Amino acid sequence: MMIDVSLCCDRNMLEQAYVTIKSVKDSSSQGNEFCFNIVREAETSESEIRLFSGLEDKKTKINFFNINNYVSKQEKKAFAVLGYPFTAASYRIFLPKIISDNVKKTIYLDCDLIVRKDLHELWTQPLNGHILSAVKDFGVVYHIIKNDIKHKESIALKKLNLIKPENYFNSGVLLCNLDKMRKENFISKCLRVLSQQKNMIYLDQDLLNIVCNGDLQILDANWNVITEFTNMKKDLLENLSSSDRHSFTDSLRTPAIIHYAGPIKPWESTEIALSSYWWQTARFTPFYEQILMKSTRNLIKESKFILWSLKLHYLFIKLLKTVTGANRFDKKTKQLKKLLKIFR
């Protein structure tokens, strides 16, 4: 069975796209065949094509697409209305136009994730006539449930006027019904909403939720386990519905796809939850040393920042002790001295 998978990335995320594709192949059963579509903002060089050819075989084909060949300047400007640039996150909107009409559906994947389960199971999930299937975004659902009138997210999300706001989904993993998208002028609908809606926080994700309002098949939560949610586990368990709580806790035990959707990525910091899975895959790519060097540079920058912060804190405490003459600052001064020795 041929499984169609699409990824969208800018030039800074090509290495991560490679890691994601490798994780798909590593998790696949022998019978699967794949066609990967990589949508970029530029033409792909011969050296880049050669690198990705290492992932190709009799059962795997990789196609590169330049988004500029499919999107007009006017369509790009539509995304700038709300002050957002036209970035890789928005490319997925145009997949019905980019991918051949012969392809009836595709699995869309963000490039900051790792697949740990055979995608055949996701590919064969019934769409039941809906425009797409996706996993609930429990973080956003939490803010909707809280309905905090002082919180900007809660206010903005309420103004999206979703039929079932508790079904707000994350757009990082999608099973797209391309056939229906084409028949219902999905791209035109998205552009129309962009010209009318002024309350979007997560531009492309809010846009998809508005356009697919009520026309959605909910997937099991383990198909998009967002690592950032581990930091707000207590809040989620206390506020989600009983069914969502069960889905959330079950997904953490058996993640099929691990999505590093937070502001800090595993290649930037190994402190990210479940980051070891990303590095296990990255280790066996041609980019491994390059990624490792970038990560090391980031750690050095972080260490320098921490060192300067500690120095300032130490000098401030010493100043307080000098001015006040109080002994209560002695313990803190000793602790800071020890930390400064570690970072030196």
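Numbers for the structure displayed
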read-out: Breaking point among (1) modelled with pLDDT of 80 or more; (2) farther than 20 Å from Ala17 by Cβ; (3) not acidic (Asp, Glu), for Phe284; value: (2)
read-out: Selection status of Phe248, aromatic (Phe, Trp, Tyr), touching a residue at least 24 places away in the same chain (Cβ under 8 Å) and over 30 Å from Thr296 (Cβ atoms); value: yes
read-out: Members of the stretch 46-66 that are in contact (Cβ under 8 Å) with a residue 40 or more places away in the chain and surrounded by 15 or more Cβ atoms within 10 Å (Cβ to Cβ); value: Leu51, Ile62
read-out: Matching option when the condition is farther than 14 Å from Ile187 by Cβ and either crowded, with 19+ Cβ neighbours inside 10 Å or among the aromatic types (Phe, Trp, Tyr) (or both), among Phe138, Phe94; value: Phe138
read-out: Among (1) modelled with pLDDT under 95; (2) crowded, with 19+ Cβ neighbours inside 10 Å, the one test that Ala17 misses; value: (1)
read-out: Test set (1) in contact with a Phe, Trp or Tyr (Cβ under 6 Å, 6 or more places away or on another chain); (2) under 23 Å from Arg11 (Cβ atoms); (3) in a strand (DSSP E or B) - Asn63 fails condition number; value: (1)
read-out: Number of positions in the stretch 25-59 that are within 18 Å of Ile114 (Cα to Cα) and hydroxyl-bearing (Ser, Thr, Tyr); value: 3
read-out: Meets criteria (closer than 18 Å to Ala17 by Cα and surrounded by 12 or more Cβ atoms within 10 Å (Cβ to Cβ)) for Lys233; value: no
read-out: Residue that is farthest from Thr106 (Cα to Cα), among those in the stretch 20-52 that are out of contact with any strand residue (DSSP E or B) (no Cβ under 7 Å at 6 or more places or on another chain) and modelled with pLDDT of 95 or more; value: Asp26
read-out: Residues being over 21 Å from the mean Cα position of the chain (by Cα) and outside any loop (DSSP other than H, G, I, E, B) - total across the stretch 67-92; value: 8
read-out: Filter result for the condition that a residue is under 19 Å from Ala273 (Cα atoms), touching a residue at least 24 places away in the same chain (Cβ under 8 Å), surrounded by 14 or more Cβ atoms within 10 Å (Cβ to Cβ) and aliphatic (A, V, I, L, M), over Ile226, Ile210; value: Ile226
read-out: Qualifying positions in the stretch 1-13 - crowded, with 18+ Cβ neighbours inside 10 Å and not hydroxyl-bearing (Ser, Thr, Tyr); value: Ile3, Asp4, Val5, Leu7, Cys8, Cys9, Met13
read-out: Helices (runs of 4 or more DSSP H) contained in the stretch 150-236 and holding at least 2 residues modelled with pLDDT under 85; value: 152-158
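The values are calculated or read from the model by the stated rules, or taken from the named source; none is laboratory data. These numbers were taken from a predicted model, which means no experiment stands behind them. As a convention, Cβ positions derive from the backbone with ideal geometry for all residues, glycine included, and neighbour counts pool all protein chains shown.
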